[in-house]
């Protein structure tokens, strides 16, 4: 019975839309059953509100020109990897990454930013499977210096998604925001529709995570990595200089294949080696094997002089004489407190959601960390685009080999 009521509401919304203005062929294709159900769910199953929002969405799409968006318009953005679809998660949801810089909106208009956002969303929707209708957003805020500038960009992004793409967001992560963003976000969070789906994480919490090591599938990245076979074979063995003795072990598997030692032989000394000339200058030895310009004033002095007394450059203040003697039994030494499971009284007043908020964000972002660290490849992203969004590159494949035509074949 409930299923029958949902179908009736969907038909009611479509009838209201057709009464206001006839729908074109592309608009009818856009207003399918799943689309109308998402608008109904966003408006609490209200037919009038859903029809009004859907009509506004159709008008907005016509004003933006979503049917005319192609990749050729965003050649510079695609080359830098400002906004792209990084892949799909375990539930086949597309994961989008936005690495927009703070100066981007200063140098470009708001309309261009909106068209870039809509283009990326449309590419993500094209790559969705049949039973998938949501996506994941990864907003890299490390390129922003101002918290207010990033907040304006975030609010405009979430506003467009909530008004014209309702029910599409599964999760959104804000990565490395400016320092003052947490205070602004705390004040604006109650007024944002998708605030419960937005989590703030820090990439520093995952510095020790080396689970993702999938760079082998990217030849551009693997070419920059260290290749031991590219180094010509050299003769291994000891090597000594006037100051150091450098030895390379024959086992290349060792953690530390080299060993550096400072020798105190006559061949490793710099300066006079005669005992009668020692007083003329210092001698390089394991005790004094660093540059004399960085050595302390005492080390620059004569170490071989037994009568040398170490004193400060300035006379020290004389200490007052002792007037009374202290009893050693009266001295109380601090003791290490006994371990306790109650580390602070504030634990009695801390709520459970406050304790697990950071851990919840980290656990949720753990599965999307590989998309954030994966290097960007323009050709892989362009291969996900379908006509007409892909532009000429998606229509004419660069791997297409044309046969050579002679003059007689051309005419």
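A few comments on the model shown:
- Using all pairs of distinct alpha-carbon atoms, the Kirkwood hydrodynamic radius of the range 73-129 works out to 12.0 angstrom.
- The mean of 1/r over all pairs of different alpha-carbon atoms in the range 82-182, once inverted, gives a Kirkwood hydrodynamic radius of 14.0 Å.
- Exposure proxy shown here: for 198, 85, the number of other Cβ atoms within 10 Å sets the order, fewest to most, as 198, 85.
- Using the Cα coordinates of the range 1-144, the gyration tensor eigenvalues translate into equivalent-ellipsoid semi-axes of 32, 19, 13 Å, sorted from longest to shortest.
- Full extension of the chain between residue 90 and residue 125 yields a length gain of 11.0 nm, computed as 0.36 nm times the residue separation minus the alpha carbon distance.
- Exposure proxy shown here: for 84, 165, 104, the number of other Cβ atoms within 10 Å sets the order, fewest to most, as 104, 165, 84.
- If the segment from residue 102 to residue 379 were pulled out straight at 0.36 nm per residue, it would be longer than the present Cα-Cα gap by 97.2 nm.
- Ratio Rg/Rh, restricted to the range 2-64 and using Cα atoms, in which Rh is the Kirkwood radius: 0.95
- Across the range 2-64, Cα pairs under 8 Å and at least six residues apart give a relative contact order of 37 percent.
A short reminder: the numbers here are calculations on the coordinates, not readings from a lab. The shown structure was predicted, so the numbers you read here are calculated from the model rather than taken from an experiment. As a convention, Cβ positions derive from the backbone with ideal geometry for all residues, glycine included, and neighbour counts pool all protein chains shown.
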